[in-house]
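Report on the following structure.
Since every read-out is calculated from the coordinates, none of them should be taken as a lab result. In this text the structure is predicted, and so the values were computed from the model without any measurement. Every residue, glycine as well, gets a Cβ built from its backbone with ideal geometry; the counts of neighbours run over all protein chains shown.
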Amino acid sequence: MAIPLLIVGGRVIDPGQGIDKVGDLLIDGGSIARVGQGEEGQTPEQYQIFHAEGMIVCPGLIDLHCHLREPGFEEKETIATGTRAAARGGFTTVCCMANTNPPIDSRAAVEFIQKKAAAEGAVRVLPIGCITKGRKGQEMVEMGELAGAGVVALSDDGDPVGDSRLMRYVLEYSRSFDLIIIDHCEDVSLSQDGVMNEGWVSTKLGLRGIPAAAEEVMVARDIALAEMTGARVHIAHVSTAGSADLIRRAKDKGIPVTAEVTPHHLTLTEERVMGYGWDNKKPSSLSLIAYDTNAKVNPPLRTARDIQALIAALKEGVIDAIATDHAPHEDVEKICEFDIAAFGISGLETALGSLLTLVHSGEVDLPTLISKLTAEPAKILRKSEIGALKAGASGDVTIFDPEAEWIVEPSAFASKGKNTPLAGCLLKGKVMATICRGEIAHKEDAVKLETIGRQTRVRG
């Protein structure tokens, strides 16, 4: 059992509970014991003490969408390395996608993930099962079996469910198990062979583009099927202004649809493929155009207009959550020609730092950002024991310094995936400690433990 931990002096923010104040937080027995001052006579000598002055104390971050790669692709990532990366990024809960080998389409596959996570995971892992057997898009999985095994959702992520009739039956059946269906919205007949956003950059670079319509056509279809069936649909990694508008109209009609957006779709434009910097300034020499494969992601990085529409949708509540879509790859899959490079960004360890640029620029306020990473993902999952700082909730806490500056060094990542377009970038805002179920899953070296008799102090 973890030693009780008293976090003192931090700015405690829990949008789901309406909390935003400087105060204390006590974790005891692996759960939140109290927020605020304790009863008279309760002295810090009974606890570990974490001095969080100048830091933000919030519920442990929840990632609705990441790829841990195990089983089958352990050269890219494992549950052990992926969850360590999650802890370093401030995440205490991650939902792992089903595009493994074999795919997560059976009870045995789900139990493998659960056992591995229990033995080697640094944070909580919630498995997402396949929608179709083998992720082939042809036959529905044994949904009752997966629900009974403990999956939190179903998704063929990486591939869409292209057969609309099958998708209808999946949605109708999902209502029996109260499972949310997460769809990768892509019309492959429109996106086929595309490698980046279709626009002036793809034309300049001579690369085949993926039009916004490739996403929007499938978003519209899924919304129509959600309205028809009454089932819960979650739209993964929204990337276009048109998709955001479709979701807005669906919510106005009361259709049960939710959506997520990634940090990279909120902060990077298609111009990053040309070697434009983190701040989208031009490279030092326009004659030296960089085909940055680390900026190759599906759906692709879009335009500045799309980013502004996504930020607006996030603040309005049209987009419910932020999810990393952490997709680690080996170097050989990125250090190659752009056309054949793998899609994906290793994003767990840079997510919060990159998102805080939106706070520092005044585009998003801090409580809203925290809500999209904590309370609202928990609401989508219908997990009341996480995403909140309330008595009895799991002792999951993220502590970060919003002013701490650091340089992104992929070689120092805990993740096996070093594929990030943010290499060498200066970020402002750093996770100082991550606590999962009352245990310290990660802390920065600058945070020191000092033992004084029965009293342990943690200082930044």
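Observations
- Between Ala224 and Lys115, residue separation times 0.36 nm minus the direct Cα-Cα distance comes to 35.4 nm.
- Taking trypsin sites (Lys or Arg not before Pro) across region 353-416, the ones in a DSSP loop with at most 12 further Cβ atoms lying within 10 angstrom of their Cβ are Arg382.
- At 0.692 mPa s and 37 °C, Stokes diffusion of the chain via Kirkwood alpha-carbon radius, µm² per second: 147
- Zero-based 10 Å bins, Cα pair distances in region 111-167, whole percents: 23, 45, 24, 7, 0
- Sorting the segments 100-110, 293-303 by their residues' average number of neighbouring beta-carbon atoms within 10 angstrom, most packed first, yields 293-303, 100-110.
- Proxy reagent accessibility, fewest Cβ within 10 Å first, across Arg248, Arg84: Arg248, Arg84
- Of Lys76/Lys315; Lys296/Lys379; Lys315/Lys390; Lys372/Lys428, those spanning more than 29 Å from alpha-carbon to alpha-carbon: Lys76/Lys315; Lys296/Lys379
- Counting neighbouring Cβ atoms within 10 Å and putting the fewest first, the residues Phe413, Phe73 line up as Phe73, Phe413.
- Nearest-0.05 FRET efficiency for Glu409 and Glu172, computed from C-beta distance (R0 56 Å): 0.70
- Other-chain or far-sequence residues with amide H under 5 Å of Gly10's (modelled H): Gly23, Ala52
- Least to most buried among Met167, Met228 (fewest other Cβ within 10 Å first): Met228, Met167
- Between the Cα long axis of helix 79-88 and the first principal axis of the chain there is an angle of about 60°, rounded to the nearest 10.
- Sparsely packed loop sites in region 174-226 (the trypsin sites (Lys or Arg not before Pro) outside DSSP H, G, I, E and B with at most 14 other Cβ atoms within 10 Å) comprise Arg175, Arg208.
- Seen against the Cα atoms of the chain and their longest principal axis, helix 213-229 is set at about 70 degrees.
- About its Cα centre, the chain has a charge dipole of approximately 400 debye under the convention of +1 per Lys or Arg Cβ and -1 per Asp or Glu Cβ, with nothing else charged.
- Acute angle (nearest 10 degrees) that the helix 164-174 long axis makes with the longest principal axis of the chain, alpha-carbon atoms: 30
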